[in-house]
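Report on the following structure.
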Amino acid sequence: MTDKVHFFDTTLRDGEQCPGASMNLREKLEVARQLERLGMDVIEAGFPCISDGDFEAVHTIASEIKNCKIAGLARCVKGDIEAAAKALAPAGDRARIHIFLATSPLHMEFKLKKTPDEVLKLAAEGVAYAKQFVNDIEFSAEDATRTELPFLAKVVEAAIAAGATTVNIPDTVGYTTPDEYYNIIRYLKENVSNIDQAIISVHCHNDLGLAVANSLAAVRAGARQVEGTINGIGERAGNVALEEVVMALRTRAEQFNHVQDNLNIKEIVRTSRIVARMSGMQVQRSKAIVGENAFAHSSGIHQHGILNCRETYEVMDPQAVGWGATELPLTKHSGRAAVKSRLEQLGHILTEEEVNAVFERFKKVGDSKKFVYDDDLSAIVDDSLHASSGLWELKFVQFIAGSNNRPTATIGLAKENRLYEDCSTGNGAVDAVFKAIERITKCKGTLKGYSVNAASEGKDALGEVTVRVDFGLPKPIVGKGASTDVIEASARAFLNAVNRSIRMAQMPMANVSDEKGI
Ligand code: KIV
Ligand code: ZN
């Protein structure tokens, strides 16, 4: 058993799959670059056969990221495996095809409509087929924790014999418990004859709030890859939060046989923020490690204790995971070079044209607020790059609101060098703004979620608005906008969602075939 635990991040696949999280190519690439800085061993960049957008994302990430393995998901069918191989080609020998096939009685009968013998054969054939394209194959027995153990062992053995280098035992529906999961991993170690030829991986969902405990139990049992997402985003109650797993392994190393990992934990907080911003999924304040309150002590007794000796009330050093790494804020007097250099320090890799767009917005923001903090700057990047790549551009927003007025908004939007203006009343200023945008763009949507957050500290902080809008597409669209004025930020966010919906509607979905077999 090697004592290194590999971290496999699926924020861009399982994480992005959940309602409310949706990222475009630029956002996915930004997340991937940050995961690379975090020292992730494997980045699962998407599910290439599912849509042209996913294929492009996997292909681009496989071309751009140089220091991590890149995985692409595939069902156990030829078309999926071929699409994954093609999308991953630029990663060369860092490419991993991740094949999944359900093994539980429930899934085999009602989803796959296949007998156990057929599934066993299919697993071996799928892995062997993928092996023609790449050497690094991960096989996942979907719903493994509700699979009969002797059958699970047979499938895992067949997958390894066919060439799988990692075998994943997912708790797909978040059903297992730490003791049970520990026993499953031990069972496989003891009953699969070729288990030493592959790394055992675990993949936990959080339906019962046990994902971290289950992952840690699996590591104690000998699993050496942990799959999860940043901030725990993912289907339903989410995937395991990798930042929590690594900090538990490090903080209680003696409980886990002092296993090692490659992560650069100082990048954790920054990674969390980038994922929150890019996915539109906010982090709850009290979340372990990365929540705003994770290291905040409001009680006098705690504060006193902390001042005398940090360990009295803290089990980790907040700076070790990247809290408190703030630089001097920029001001409106800061020049383009200073802004560009700070952008680079913050990990934003932008073209000269993009830096110009950000700098233009920065100047406007600098006029209305004294200090532009790092988080304000990241919000500006997000906002201005959305705007510059959008179809519609916000030119102005005016509104009348108040207890004795009928809320009314007038909006100016530009498209292909033409200015369009319209106005609308509404049930509040934000509603009036959204309706005016709908009138101009002819894009009607139902608002499913609206949130506003301060990007940094102080009364003049940039307000970051995130909206989730249903335009009748397969998934609600997330839009984001930032401004010192919350109504303007709302207009920017809604317009961003409109632009994304137009783009998404133009994107053909790949023809997803049935799981018929190899
Ligand atoms: O939860 C799950 O089973 C998965 C597999 C595709 C690994 O996400
Ligand atoms: Zn999953």
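Using C-alpha pairs below 8 Å separated by at least 6 residues, the relative contact order for the range 353-505 is 19 percent.
The calculated FRET efficiency for E180 paired with Y420, based on their beta-carbon distance and R0 = 60 Å, is about 0.50.
These residues, M504, M40, go from largest to smallest accessible area, 1.4 Å probe, as M504, M40.
Solvent-accessible surface (1.4 Å probe) assigned to K78 amounts to roughly 90 Å². The long axis of helix 374-389 is offset from the longest Cα principal axis of the chain by roughly 90 degrees. In this structure, C309 and A505 have a Cβ-Cβ separation that, at R0 = 60 Å, corresponds to a calculated FRET efficiency of about 0.55. Calculated FRET efficiency, A89 to R26, Cβ-Cβ distance, R0 = 22 Å: about 0.55 to the nearest 0.05.
Computed over protein heavy atoms with a 1.4 angstrom probe, the accessible surface ordering of D143, D41, largest first, is D41, D143. When only the Cβ of Lys, Arg, Asp and Glu is charged (+1, +1, -1, -1), the dipole of the chain relative to its Cα centre reaches about 1100 debye. Ordering R439, R33 by accessible surface, largest first, gives R439, R33; the 1.4 Å probe counts only protein heavy atoms, with every chain in place. Axis of helix 211-221 versus longest Cα principal axis of the chain: the two differ by about 30°, to the nearest ten degrees. Taking a straight line from the alpha carbon of K131, these lysines sit under 27 Å away, with near neighbours fewer than eight places off in the same chain left out: K4, K66, K69, K78, K86, K111, K113, K114, K121, K154, K189, K516.
Residue pairs exceeding 22 angstrom between C-alpha atoms, taken from K395/K442; K364/K442; K370/K415; K363/K444: K364/K442; K370/K415; K363/K444. The range 338-388 and the range 212-251 have Cα centres separated by 34 Å. Counting alpha carbon pairs within less than 8 Å and at least 6 residues apart, what relative contact order, in whole percent, applies to the chain? Over the chain, the number comes to 13 percent.
Here the chain carries DSSP beta bridges of which approximately 45% are antiparallel, counting only pairs with both residues inside. When the chain is described by a simple charge dipole with +1 on each Lys and Arg Cβ and -1 on each Asp and Glu Cβ, the residue from V339, T11, P116 located farthest towards its positive end is V339. Just to confirm my numbers, what's the Cα centroid distance between the range 431-470 and the range 96-110 in Å? Using only Cα atoms, the two centres lie 40 Å from each other. Solvent-accessible area assigned to carbon and sulfur over the range 180-222 amounts to 42 percent, based on a 1.4 Å probe. Counted residue by residue at 0.36 nm each, then reduced by the alpha carbon distance between them, the extension gain from S193 to D485 reaches 98.7 nm. Counting heavy atoms of the protein chains alone, W323 has an accessible area of about 40 Å² for a 1.4 Å probe.
A 1.4 Å probe run over the chain, with the rest of the protein chains in place, finds 43 Å² accessible per residue. The convex hull of the Cα atoms of the range 1-109, projected and averaged over all directions, covers 8.4 nm². The heavy atoms of L35 offer some 0 square angstrom of accessible surface to a 1.4 angstrom probe. Let me know the whole percent of all Cα-Cα pairs from the chain that are separated by more than 34 Å. Pairs farther apart than 34 Å: 41 percent.
In the chain, helices alone account for a calculated mean residue ellipticity at 222 nm of -12500 deg cm²/dmol, with every DSSP H run of four or more residues adding -39,500 (n - 2.57).
So in the range 160-240, what percent of DSSP beta bridges are antiparallel if you round to the nearest 5? Expressed as a percentage, antiparallel bridges in the range 160-240 total about 10.
Note on the range 130-232: with charges restricted to the Cβ of Lys and Arg (+1) and Asp and Glu (-1), its dipole about the Cα centre is near 220 debye. Against the chain, whose longest principal axis is taken from its Cα atoms, helix 178-191 shows a tilt of about 40°.
The values are calculated or read from the model by the stated rules, or taken from the named source; none is laboratory data. None of the values given here were measured: they were computed from a predicted structure. Neighbour counts run over all protein chains shown; Cβ positions are idealised from the backbone, glycine included. Keep in mind that these areas ignore ligands, DNA and RNA; they rest on the heavy atoms of the full protein, side chains included. Shrake-Rupley method; radii C 1.70, N 1.55, O 1.52, S 1.80 Å.
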